[in-house]
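Undergrad: Next up is a structure, given as structure tokens.
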Amino acid sequence: MTSSIFAYDKLKTIQALRYHFISRKEIKYLMIIVNLFAIVSAGLYYYKQILPLAFLFSSLLWFVMMILFWFLLPRMIYSKSAAFKDKFKVEMNEISFSLIHERADKSWEWDSFSSWIESPHFFHIYFNSRSFFLIPKEAFDADGINQVRKLLKENIKN
């Protein structure tokens, strides 16, 4: 069994939320389309095939999208969620994943989760594409991180 007590660091949590948003397929596709649109409009503007307004619009669209996904959305999610300001204890074993808080605790069998990913500072454990837990790696020592990684690989099929 692996267990640890943790609290969320604001800057690292916001970075993990960025990672979550940028890793979503629909957002990746949107970013590719907007980038292609900006590149094509830059090329067409360079060859004087379009007016400067179209190039300005594509650039503005790119900036708005990056500001939204990189700054606004992660900060909004962080500030609206009271959970990011609390302390938790996590327990993991071959059978279940448990999250314990001073007011309540909940356990899930591993088949309740659909997938997991690892970012630089967190393990992202997903119920579905929109519902997930962030478990900070800093809550574990090096051996604990390897144990968590092993449990996730063995019990959650991506």
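Undergrad: Let me confirm something: among K48, K10, which residue is more than 12 Å from the chain's Cα centre (by Cα), over 30 Å from K150 (Cα atoms) and among the basic types (K, R)? Let's see the steps before the verdict.
TA: On the way: K10 fails: over 30 Å from K150 (Cα atoms).
Just a single option satisfies the conditions, and that option is K48.
Undergrad: While we're here: For segment 1-107, give me every one of the strands (runs of 3 or more DSSP E) that falls completely inside it and has 1 or more residues that are at pLDDT 90 or above and among the polar types (S, T, N, Q).
TA: Working: elements: 2-7, 87-92, 96-100.
Qualifying strands (runs of 3 or more DSSP E): 2-7, 96-100.
Undergrad: Residue under question is K153, and the condition is that it be among the charged types (D, E, K, R), modelled with pLDDT of 95 or more and either within 22 Å of Y19 (Cα to Cα) or in a strand (DSSP E or B) (or both); does it hold?
TA: Details: among the charged types (D, E, K, R): yes; modelled with pLDDT of 95 or more: yes; either within 22 Å of Y19 (Cα to Cα) or in a strand (DSSP E or B) (or both): yes.
The answer is yes for K153.
Undergrad: So, one more: Looking at (1) among the aromatic types (F, W, Y); (2) under 15 Å from the mean Cα position of the chain (by Cα); (3) farther than 30 Å from H101 by Cβ, find the lone condition where F71 falls short.
TA: Of (1) among the aromatic types (F, W, Y); (2) under 15 Å from the mean Cα position of the chain (by Cα); (3) farther than 30 Å from H101 by Cβ, only one is false for F71: (3).
Undergrad: Still on this structure, I have one more. Among the residues of segment 130-139, is any farther than 21 Å from Y8 by Cα and buried (at least 19 other Cβ atoms within 10 Å of the Cβ)?
TA: In the first step, residues of segment 130-139 are kept if they are farther than 21 Å from Y8 by Cα; the result is none.
No, segment 130-139 contains no residue that is farther than 21 Å from Y8 by Cα and buried (at least 19 other Cβ atoms within 10 Å of the Cβ).
Undergrad: Same structure, new question: Working only within segment 101-125, note down all residues that are farther than 16 Å from I156 by Cβ and crowded, with 16+ Cβ neighbours inside 10 Å. Walk me through how you get there before you give the answer.
TA: We begin by selecting, within segment 101-125, every residue farther than 16 Å from I156 by Cβ; these are 101-106, 120-121.
Within segment 101-125, H121 is the sole residue that qualifies.
Undergrad: For segment 125-140, give me each residue that is among the hydroxyl-bearing types (S, T, Y) and in a strand (DSSP E or B). Walk me through it before giving the result.
TA: Step one: list which residues in segment 125-140 are among the hydroxyl-bearing types (S, T, Y), which gives 126, 129, 131.
Listed by number, the list holds a single entry, Y126.
Undergrad: Looking at N155, is it touching a residue at least 40 places away in the same chain (Cβ under 8 Å), within 18 Å of M1 (Cα to Cα) and either buried (at least 17 other Cβ atoms within 10 Å of the Cβ) or not small (G, A, S) (or both)?
TA: yes
Undergrad: In contact with a strand residue (DSSP E or B) (Cβ under 6 Å, 6 or more places away or on another chain) and of a type in the set (F, W, Y): does that describe W116?
TA: For W116, the condition - in contact with a strand residue (DSSP E or B) (Cβ under 6 Å, 6 or more places away or on another chain) and of a type in the set (F, W, Y) - is met.
The values are calculated or read from the model by the stated rules, or taken from the named source; none is laboratory data. Bear in mind that the values here come from a model prediction, so they are computed numbers and not experimental data. Every residue, glycine among them, receives a Cβ derived from its backbone with ideal geometry; neighbour counts consider all protein chains shown.
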